[in-house]
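These notes are about the structure you will find just below.
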Amino acid sequence: MHNINYIRENPTEFDNFIKTRGENPIANKIIEIDKVKRETQTILQNLLAERNQISKSIGQLKNQKKDTTHEMEKVEDIKNKINTLKELETLKDDELKAILSRLPNIPDSSTPVGATETENVFYKDWGDKPTFDFNPKLHFEIGENANSMNFETATKLSGSRFVILKGQLSKLERAITNFMIDKHTLVNGYVEMHVPYLVKEETLYGTGQLPKFADDLFTAGDDHWLIPTAEIPLTALHSNEILNINQLPMRFTSYTPCFRSEAGAAGKDTRGMIRQHQFTKVELVSLVEPQQSKEELERMLNCAEGILQDLELHYRVITLCTGDMGFSANKTYDIEVWLPGEGKYREISSCSNCGDFQARRMNTRYKQNDKNIYIHTLNGSGLAVGRTLIAILENYQTADGNVRIPKVLKKYFDNQEHLF
RNA sequence: GGAGAGAUGGCUGAGCGGUUGAAAGCACCGGUCUUGAAAACCGGCAAGGUGGCAACACCUUCCAGAGUUCGAAUCUCUGUCUCUCCGCCA
């Protein structure tokens, strides 16, 4: 959510910013609605003050057993005016909210301007592409050949975009998760949280998924929605609270399943487990003071990168351009891991600074020198577990169809050398 | 699922329908005292908004939403959540 004062004072700048995010200019319209709303409010409040005054005097007159019919008539007239003005105010307020709640965050000055993903900017990379003396297979070929990855049965149970992992692959998924959580809690200073997978509409509004992106989500039929990422419950942990400054920064990590309808991705990545309706992810979330958030984004990125480095997987980091960035972010780094089977880099983590955008929507503040200031929120995958599993299969595969177990995961496998 | 009780400021907790935005205590902040600290004492301490250069004035908010009333924390209805007892149950 945007600060209306900012829009009021910098309409052109605001329009220029949201233009880079693919939105049409709208500041003038916002200001016009806001103006009518505030004018209405001023008149309304004066009438309310008058009503309160008269009501008070009625109380006093009644105490003195005096006649109040004159006052009563006066109030009756004011009441009618109050009702019409109140309706108008609510109407304008709703209009304003409808617009503001659907406008994306303003990009950080270091975010490259661009329309589509082709204009994302290379930031850095790590490691080298592995070499093979055979033709590296795709992850699902490896999994299916080992009889440990099954899409057909999953489709029988749940339809398309689901998978069943069996035996060693199921265990690998669990080992990856444990490794990530252990690293983030023991080394990186994040607090592990176990959170609900079903949340209320209000919670999704806070992080920015609603009202605009309902199509990307699954509902549970009642008033609950399935989380598309643990970012949602973690970021909202302290919504509607005023924190003490010494509580910040807060760093949370959580392992959860994520549910996404993939509404806009029909026909995309239909083979394999790259794009599923359900996947698991270890999420990182930071709640920080405003002046810390830029630094925190780099820190978070490093924490996510560290996992891939430990797993010795080659990757690159790109900075998303304004047009490709998510709704709530002001700056986003994507980490893309190398998949030799596909011969492509694939997103495995996305780390975003949301500034005060989400904090405004969910009303999370902290007190400093008697002032209440919106915090900054950040989130990042640390990492997507399913895609990490894919990366391990494709990068660590051997000519005979087996898979070497990465050094750091061996302890979860009784020091075995190979997966199968 | 059945029966009952409740929801007030950071926390605990008062509150006959009419100076109650809300007593009191705790916590917190500032000060006096002290070598320092504690104790004691004094003072401050909800949020959002509108108007105003400002001082300041006013409005809204006592779970949420409707309603009754000249006037609602206080009365009525609906919803949400919490607690206790019973039933069922991982």
Worksheet item: For the Cα atoms of chain A, what angle does the longest principal axis make with the long axis of helix A:69-100, in degrees from 0 to 90, nearest 10?
Response: 20
Discussion item. If I take R0 = 60 Å and measure r between the Cβ atoms of A:ASN178 and A:GLN41 in this structure, what FRET efficiency does the formula 1/(1 + (r/R0)^6) give, to the nearest 0.05?
Written reply: 0.65
Worksheet item: How large is the charge dipole for chain A, taken about the Cα centre, if only the Cβ atoms of Lys, Arg (+1) and Asp, Glu (-1) carry charge, to the nearest 20 debye?
Response: 800
Worksheet item: Expressed as a whole number of Å, what is the distance separating the alpha-carbon centroids of the stretch A:95-122 and the stretch A:150-190?
Response: 32
Discussion item. Using +1 at the C-beta of Lys and Arg and -1 at the C-beta of Asp and Glu, which of A:MET193, A:LEU157, A:ILE82 has the Cα lying farthest in the positive direction of the dipole of chain A?
Written reply: A:ILE82
Fill in: A:ASN369 paired with A:GLU13, simple spin-label distance in nm, labels 7 Å along Cα-to-beta-carbon
2.1
Worksheet item: Can you give the charge dipole size of the stretch A:90-242 about its Cα centre, rounded to the nearest 20 debye, using +1 on the beta carbon of Lys and Arg and -1 on the beta carbon of Asp and Glu?
Response: 400
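Taking R0 as 45 Å, what FRET efficiency do you get between A:GLN53 and A:TYR6 from their Cβ-Cβ distance, rounded to the nearest 0.05?
After rounding to 0.05, the efficiency reads 0.80.
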Worksheet entry | For chain A, calculated [θ]222 nm from helices alone, where every DSSP H run of n ≥ 4 adds -39500 (n - 2.57) | -12500 deg cm²/dmol
Fill in: Positive dipole terminus of the stretch A:1-159, leading residue within A:ALA146, A:LEU44, A:HIS2 (C-beta point charges)
A:LEU44
Fill in: Inter-site label distance for A:ASN302 and A:VAL75 at 7 Å from Cα along Cβ, in nm
6.5
Discussion item. What lysines does A:LYS19 reach when the alpha-carbon gap must be under 20 Å and sequence neighbours fewer than 8 apart in one chain are set aside?
Written reply: A:LYS29, A:LYS97, A:LYS212, A:LYS331
Worksheet item: Listed highest first by mean packing, meaning other Cβ atoms within 10 Å per residue, what order do A:353-360, A:158-165 come in?
Response: A:353-360, A:158-165
Fill in: Test item: Cα-centred dipole of the stretch A:4-100, Lys/Arg +1 and Asp/Glu -1 on Cβ, debye
380
Item to complete: Go through A:THR364, A:PHE413, A:LEU378 and say which Cα lies farthest out towards the positive end of the charge dipole of the stretch A:117-413; charges sit on Cβ, +1 for Lys and Arg, -1 for Asp and Glu.
Response: A:PHE413
Discussion item. I'm a student and want to see the number: the projected area of the Cα convex hull of chain A, averaged over all directions, in nm².
Written reply: 26.0
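Read-outs: derived from the displayed coordinates by stated rules, not from any lab. Note that the structure is predicted; figures quoted are calculated from it, not measured. With ideal geometry, Cβ positions are generated from the backbone for all residues, glycine too; neighbour counts draw on all protein chains shown.
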